[in-house]
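Q: Handing you a structure now.
Every number in this text was worked out from the coordinates using simple rules, so none of it is lab data. Source: prediction; values computed, not measured. Cβ placement follows ideal geometry from the backbone for every residue including glycine, while neighbour counts extend to all protein chains displayed.
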Amino acid sequence: MEPRGVPPYLSDPAATRPSPNCPDRPADPAATLALRPFVITAGRVIGDDTRMGFETQVSALPGARPARLTPEANAIIAICQRPISVAEVSARLRLHFGVTKILIGDLHSAGHIIIHAVDDESPDPDTILRVIHGLRAIF
Amino acid sequence: MDFVPSSDRALATTYDAHLMRRQTPSAPIPIKIIIAGGFGVGKTTTVGAISEISPLTTEAEMTSASVGIDDPGPTSAKSTTTVAMDFGCVTIDQTLKLYLFGTPGQSRFAFMWDELIRGAVGALVIADSNRLNDCYASIDYFERADMPFAVGVNAFDGHLAHDLDEIRWALAINENIPVLRFDARDRVSVRDALLVVLERALDHAVRRKPIRGDAGPVHMGLP
Ligand SMILES: Nc1nc2c(ncn2[C@@H]2O[C@H](COP(=O)(O)OP(=O)(O)OP(=O)(O)O)[C@@H](O)[C@H]2O)c(=O)[nH]1
Ligand SMILES: [Mg+2]
């Protein structure tokens with residue numbers, strides 16, 4: 001998969017956006033994140049990026065301590081300390097799903113986030129059997 | 001061991017590289033089941049009954065066709081709609097996580113489903129026995145998409161307006177598609193409904209690719 005272009009504020013620590021209006025953690029992340037989808041993605045829209053589905057797992061690279069990023073990027077890295085689905089990142093940060101995919105794609109290109117793509121589109125019988133046995137055992 | 005004095009920065013970099021080698025995280029395989037059905041039929045209730053987290057919502061921009069999927073004429077206008085999707089999850093073990101996505105079932109969302117069902121193992125179509133019409137679009141869609149599914153009739157307060165045979169007849173669905181009664185508020189009942197979907201999914205997957213492991217007998221009535 002061709003990596004997308006890395007926005008300058010992600011690739012170059014020196015080019016970090018000025019921080020006064022852009023603290024690492026907004027006072028009310030939910031309110032801030034929800035309102036600015038097009039600002040957040042610099043006006044880009046989803047391309048044909050099919051790597052990420054709703055359930056696709058993503059995680060921050062351990063040890064990756066990026067230079068100051070946008071509040072959204074920081075929030076994503078913070079929430080991705082354990083593997084988590086793209087849908088859950090979107091829901092918990094109250095970011096539009098499409099916006100979430102773009103931001104995660106950028107963080108992936110910049111080497112901060114792993115996208116755990118699943119090779120096979122449809123799960124194989126053995127995996128489904130494990131889910132069946134697991135569900136029976138859980139409840 | 002040699003210790004070469006170095007700047008904090010270089011030390012940090014070495015340490016990071018070390019961490020990265022040791023702890024590149026492995027993630028569970030996500031298994032996705034779609035929970036479909038008309039408005040107010042109990043989709044969110046179903047997800048919430050079994051999910052280990054209370055249902056979350058993601059809003060996705062989807063292309064939708066403004067005509068029914070039965071009539072996708074060449075002039076069918078497409079538009080973009082924001083759709084709210086509820087989801088929850090059940091951790092099976094460290095390597096497997098089940099995701100349930102509750103999705104609006106109207107036919108104009110057919111295009112959204114194409115993205116949503118990619119990689120899904122199967123679907124539970126929830127029906128209200130008083131409003132069977134509302135689930136036609138879902139059934140039609142999953143049949144065409146060759147997606148394994150079962151129809152779960154949500155027994156609101158234990159009451160079904162029709163018995164299961166009548167419902168099957170009214171829905172005019174294939175003999176081998178399970179129609180079952182369940183209670184969207186009951187965890188075990190939802191679990192059992194999902195197991196029926198998963199058995200359909202297993203049947204479907206075995207047809208494509210035989211079982212490799214020693215996972216025990218499978219009685220799926222294969223031809
Ligand atoms: N009495 C009773 N109420 C139910 C049952 N299942 C769902 N409900 C109620 O019916 C209403 C709709 O259920 P939801 O789970 O929100 O349905 P939904 O399909 O997610 O609805 P939309 O997302 O709006 O399409 C809620 O008030 C539920 O509490 C049931 O089995 N019995
Ligand atoms: Mg709902």
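Q: Which of the GluC sites (Glu not before Pro) found in segment A:62-138 are loop residues per DSSP with 15 or fewer other Cβ atoms within 10 Å of their Cβ? Don't skip to the end; give the middle numbers.
A: Working: sites: A:Glu72, A:Glu88, A:Glu121; in loops: A:Glu121.
Of the GluC sites (Glu not before Pro), the ones in loops of segment A:62-138 whose Cβ has at most 15 other Cβ atoms within 10 Å are A:Glu121.
Q: Can I ask one more? Describe numerically, in nm with one decimal, the distance between label points set 7 Å from Cα along Cα→Cβ at B:Arg131 and at B:Glu115.
A: Using points 7 Å along Cα→Cβ, the separation is 2.6 nm.
Q: Compute the distance in nm between two label points, each set 7 Å from the Cα along the Cα-to-Cβ direction, one at B:Asp146 and one at A:Ala67.
A: Once both label points are built, they end up 5.1 nm from each other.
Q: Could I ask something else about it? Calculate the FRET efficiency for B:Arg185 and A:Gln81 from the Cβ-Cβ distance with a Förster distance of 30 Å, rounded to the nearest 0.05.
A: Details: r = 34 Å, r/R0 = 1.13.
Rounded to the nearest 0.05, the efficiency is 0.35.
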